[in-house]
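The values are calculated or read from the model by the stated rules, or taken from the named source; none is laboratory data. Here the structure is a predicted model, which means the values were calculated and not measured. Glycine also receives a Cβ, built like all others from the backbone with ideal geometry; neighbour counts cover every protein chain displayed. Just the protein is used for accessible areas: all its heavy atoms, side chains included, with ligands, DNA and RNA removed. Shrake-Rupley method; radii C 1.70, N 1.55, O 1.52, S 1.80 Å.
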Amino acid sequence: MSSLLAQPIDSTFYVHTSDNVDLYVHIKGQGQPCLYLHGGPGSGSTWMQDLGGSILEKYYTMIYLDQRGVCKSSSPTPNDASSYTLDRQVEDWETVRQLLGIDSWFLLGHSFGGLLEMGYWQRHSEAIKGMIFMNCTLSMEASFRDSWLPTAIKILGDKVNPKALDTSLPIWDRMTSVFPLLNNDNRWQIFTPNKEANDRVDSWEYHKDCKQHGCGDIVLTIDDYWQDFRLLTSDVSVPVLFFFGRFDHSVGPDFYKGVHFPNAIIVGADCGHFPFLEAPEDLHQALQCFQSFSSH
C-alpha cells in the first residue's frame with residue numbers, strides 16, 4: 001500500500017485520465033483503502049462523504065470519487081455512450097489505484113454502484129480485497145420490475161398510466177410512463193418510509209457543488225449496465241458484505257435472496273435506501289463484523 005495511505009488522511013485532488021477527463025478524488029479516513037462507487041447513475045460522492053463518512057471512515061481510508069461527467073469531475077469528449085462504457089469507467093478507477101500505488105483495495109458501492117462493483121470485479125478481480133454492497137441492485141431490470149415499479153404503481157393508484165401495467169412492454173417504457181406523475185411529494189416512498197432522510201440526501205446543501213448529473217441519461221442507454229450480475233455472484237471469491245434495507249423498494253426488500261456470494265455476510269436492517277441516516281448502528285455493526293471477517 002502506498003505510504004500516502006499509511007496514516008489518517010484528508011486530501012483532495014484531481015486525476016487526469018488518458019482521454020483528458022479530470023476525476024475529482026477526496027481521500028479521508030484510516031485503515032485499508034476503499035474506493036467508493038456512487039450510484040445514480042450520476043449522484044456524485046459528496047453527499048455520501050458528508051452524511052455517511054463519519055461511519056465509513058472509522059473502518060477504511062475512503063477514496064471518494066466523482067465518476068466521469070458527474071459533479072466535480074469533467075465530462076469526456078465525445079460526451080456520448082462511447083465514453084461511458086463499463087470498460088472505460090473501470091479504466092478510470094484503475095488509473096486512480098495505480099496513481100496511489102495501491103496493490104489491491106476494497107470496493108464500496110451504494111445503489112447503482114453495485115453494478116459498477118461487479119463490472120470492476122469482472123475485469124480486475126486481482127485488484128479487489130473485498131466488496132461492500134450497501135443497498136445495491138445487481139440487476140436493474142429485476143429491481144425495477146419486481147419492486148420499484150410495483151411500488152410506484154401502488155403510490156399512484158388510479159392515476160397510474162395504463163402503460164405501466166402492460167407487462168408485454170419493456171421495463172424502461174413502463175417506468176418512463178410513470179415518471180411524469182412522480183415528484184418530491186410521493187417519490188420518496190419508493191426509497192424509504194423516512195421522508196426526512198430522503199430530503200436530507202436530496203438537499204441542495206449536499207449537491208450545491210455538483211455542476212452536472214447528465215451522464216445518468218447516457219449510462220442508462222448502455223447495455224453494459226443492464227446485465228443481471230446476480231448470475232456471477234457465485235463466482236466471487238473475495239469477502240463480501242451485502243447490506244440491505246427491509247423497506248428499500250428502489251432495490252427490493254427481497255433482492256438479497258437472488259445473490260449467492262460464497263464468502264459473504266448478508267445483513268438486513270429496518271431501514272430504506274439510506275442506512276447511514278436511518279440505521280447507523282446497524283451499519284456500524286455490519287462494518288465492524290465485516291472488517292473482522294475480511295481480515296482472516
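Distances over 12 Å make up what percent of all Cα-Cα pairs in region 20-63? The calculated P(r) of region 20-63 puts 60 percent of pairs beyond 12 Å. Using the Cα coordinates of the chain, the gyration tensor eigenvalues translate into equivalent-ellipsoid semi-axes of 29, 22, 19 Å, sorted from longest to shortest. Residue separation of GLU281 and LEU165 scaled by 0.36 nm, minus their Cα-Cα distance, works out to 37.9 nm of gained length. Each residue, PHE179 and SER54, gets one label point 7 Å from its Cα in the Cβ direction; the gap between the two is 3.6 nm.
Please identify which residues in region 125-156 have an amide N closer than 16 Å to a label point set 7 Å out from the Cα of ASN186, following the Cα→Cβ vector. Only 148-156 fall inside the zone, counting backbone N under 16 Å.
Going by accessible surface with a 1.4 Å probe and the largest first, LYS129, LYS159 read LYS159, LYS129. Across q = 0.18, 0.20 Å⁻¹, region 163-296 modelled as identical point scatterers on its alpha-carbon atoms has Debye log10 I(q)/I(0) values of -1.32, -1.38, in the order of the q list. Database remark: amide H of VAL267 closer than 5 angstrom to the amide H of PHE242, PHE243, PHE244 (H placed geometrically; neighbours at sequence offset of 5 or more, or on other chains; Pro and chain starts carry no H). On a C-alpha basis, how far is the centre of region 59-79 from the centre of region 126-168 in Å? Whole number, if you could? Spelled out, the Cα-based centre of one part sits 25 Å from the other. Cross-link partners of LYS257 among aspartates and glutamates, defined as those whose alpha carbon lies under 15 angstrom from its own and excluding same-chain residues fewer than eight positions apart: ASP146, ASP228, ASP248.
With both labels modelled 7 Å from their Cα along Cα-to-Cβ, the GLU94 to PHE247 distance reads 4.3 nm. Peptides 181-188, 229-236 ordered by packing proxy, namely the average of other Cβ atoms within 10 Å per residue, highest first: 229-236, 181-188.
I'd like the carbon and sulfur percentage of the solvent accessible area for the chain, probe radius 1.4 Å, heavy atoms only, ligands and nucleic acids excluded.
Of all accessible area on the chain, carbon and sulfur atoms account for 48 percent.
Computed over Cα pairs, the Kirkwood radius of region 73-205 leads via Stokes-Einstein (1.567 mPa s, 4 °C) to a diffusion coefficient of 74 µm² per second. The dipole here belongs to the chain: it is taken about the Cα centre, uses +1 on the Cβ of Lys and Arg and -1 on the Cβ of Asp and Glu, and is about 240 debye. Going 7 Å from the Cα of SER18 in the Cα-to-Cβ direction, what parts of region 46-78 have a backbone nitrogen less than 17 Å from that spot? It comes to 68, 76-78, nothing else. Near TRP105, the amide H atoms lying under 5 Å from its own belong to ILE128, LYS129; only residues 5 or more places off or on other chains count, and H is placed 1.01 Å from N. Only helices reaching 18 angstrom along their own axis (Cα) with mean Kyte-Doolittle hydropathy no lower than 1.0 count here, and not one DSSP H run of the chain does. Applying the Karplus relation 6.51 cos²θ - 1.76 cosθ + 1.60 with θ = phi - 60° to region 250-263 yields 3J(HN,Hα) values of 6, 9, x, x, 9, 4, 4, 5, x, 9, 9, 5, x, 10 Hz, where x marks Gly and Pro. Result for the chain in a Gaussian network model with C-alpha springs under 10 Å: among SER11, SER83, SER104, the largest mean-square fluctuation is at SER11. When the Gaussian network model of the chain links Cα atoms closer than 10 Å, the mean-square fluctuations of THR77, THR46, THR95 top out at THR77.
Figure note: ASP228, ASP103, ASP209 ranked by solvent-accessible area, largest first, 1.4 Å probe, ligands and nucleic acids not counted: ASP103, ASP209, ASP228.
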